[in-house]
Amino acid sequence: MDRTTTISWIFLVALTVVTLFLSGIRQNYAALLIMIVAASKFLVVGFQFMELKRAHPFWKFLIVTYVVILTALLSI
Amino acid sequence: MDQETIDSANLYYPPGGILLWIIIFLELATFGIALVAMVYSGKAEPVLFHESRLSLNVTYGTINTIFLLTSGFFMALSVKAAKSGGKRRARKYLPATILFGTLFVGLKSLEYHEKIVAGSSLGYNTFFDYYWMLTMFHLVHVIVGLVILVSVYFGVNKKNGSTSIQDIEASAAFWHMCDLIWLLLFPVLYLTF
């Protein structure tokens, strides 16, 4: 089994569990933290599973820009 | 173009193919706009959205997230196996990919059944209108993805089949897109309101 892919999967599952704990926080910043974790998972799937890490910088820029803008819009 | 000659670093050949990436960004834009609309609707009815959100089963949502991530993990392994040892090696991990995708559909169906029995169906309130529209639209993509994966599995099983490594990579990109969309839907629907 590919080591990097396996580590990415463990990291993604761990972040999912972290998200659950964050949802228990009753503070205004909790939603922002949850969305930042979701954005991180989004980028791990994009760069590792979808292999965007090997793609042209244009595609990397596009996916990062998308998730940053969306996270900002959803957290305001 | 043969797989051996494809350079993913080329602007016109992202992993999975440029056409699929155009589709992926169109899908991401569509879901993104819908999620932003939902968040802004939630600001108009904060109590209703909060109470409706609390009625969703977070455990189901979390388990389904893990199902999709695990399915995506096996899909990524399938692509790597096909690239390193030939397309027929993708057969090793594709059944697990399909299994976890099917588990997602099964658990989502159970969740839908419970919501319908509880009377929280489409039209119940604004929150559940978004919930049903977004999750059902996503589920349709998952089902289409599963059909593609089953087709790819049988394609690579044939000794002289026409399924190429690029086909496997394109189906993987579509499948991972379902992951990406769910990773955005899950926190907004189940956790943040």
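Working carefully through the options B:177, B:136, find the one that is modelled with pLDDT of 95 or more and either over 27 Å from residue A:75 (Cα atoms) or open to solvent by 40 Å² or more (accessible area, probe 1.4 Å) (or both).
That would be B:136, the only listed residue that is modelled with pLDDT of 95 or more and either over 27 Å from residue A:75 (Cα atoms) or open to solvent by 40 Å² or more (accessible area, probe 1.4 Å) (or both).
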Exercise. Pick from region A:18-38 the residues that are part of a helix (DSSP H, G or I) and open to solvent by 60 Å² or more (accessible area, probe 1.4 Å): which of them is nearest to the other protein chains (Cβ to nearest Cβ)?
Worked result: A:20
For this session: Report the residue count in region B:99-141 for those that are on the phi < 0 side of the Ramachandran plot, small (Gly, Ala, Ser) and without any contact (Cβ under 8 Å) to a residue 40 or more places away in the chain.
Result: 3
Exercise. Which one of these is surrounded by fewer than 18 Cβ atoms within 10 Å (Cβ to Cβ), within 9 Å of chain A (Cβ to nearest Cβ), over 16 Å from residue B:167 (Cα atoms) and touching a residue at least 24 places away in the same chain (Cβ under 8 Å): B:58, B:39?
Worked result: B:58
Problem set entry | residue A:41 being of a type in the set (Lys, Arg), assigned to a helix (DSSP H, G or I) and open to solvent by 20 Å² or more (accessible area, probe 1.4 Å) | no
Problem set entry | First in region B:149-171 and under 11 Å from residue B:91 (Cα atoms), second anywhere and of a type in the set (Lys, Arg) and open to solvent by 30 Å² or more (accessible area, probe 1.4 Å), Cβ under 6 Å, 6 or more apart | B:156/B:87; B:156/B:88; B:156/B:91
Problem set entry | Filter result (under 22 Å from residue B:181 (Cβ atoms), more than 14 Å from chain A (Cβ to nearest Cβ) and surrounded by fewer than 17 Cβ atoms within 10 Å (Cβ to Cβ)) within region B:69-101 | B:99
Exercise. Out of all the residues in region A:1-31, which are touching a residue at least 12 places away in the same chain (Cβ under 8 Å), under 12 Å from the mean Cα position of the chain (by Cα) and within 21 Å of residue B:77 (Cα to Cα)?
Worked result: A:8, A:11, A:12, A:15, A:16
Seminar exercise, completed: Expected single match for under 23 Å from residue B:35 (Cα atoms), within 8 Å of chain B (Cβ to nearest Cβ) and modelled with pLDDT of 90 or more among A:42, A:49 is A:42
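The values are calculated or read from the model by the stated rules, or taken from the named source; none is laboratory data. Only a predicted model underlies this, so the values are computations on that prediction, with no experimental measurement involved. Neighbour counts run over all protein chains shown; Cβ positions are idealised from the backbone, glycine included. Surface areas here come from the heavy atoms of the whole protein model, side chains and all, with no ligands, DNA or RNA. Shrake-Rupley method; radii C 1.70, N 1.55, O 1.52, S 1.80 Å.
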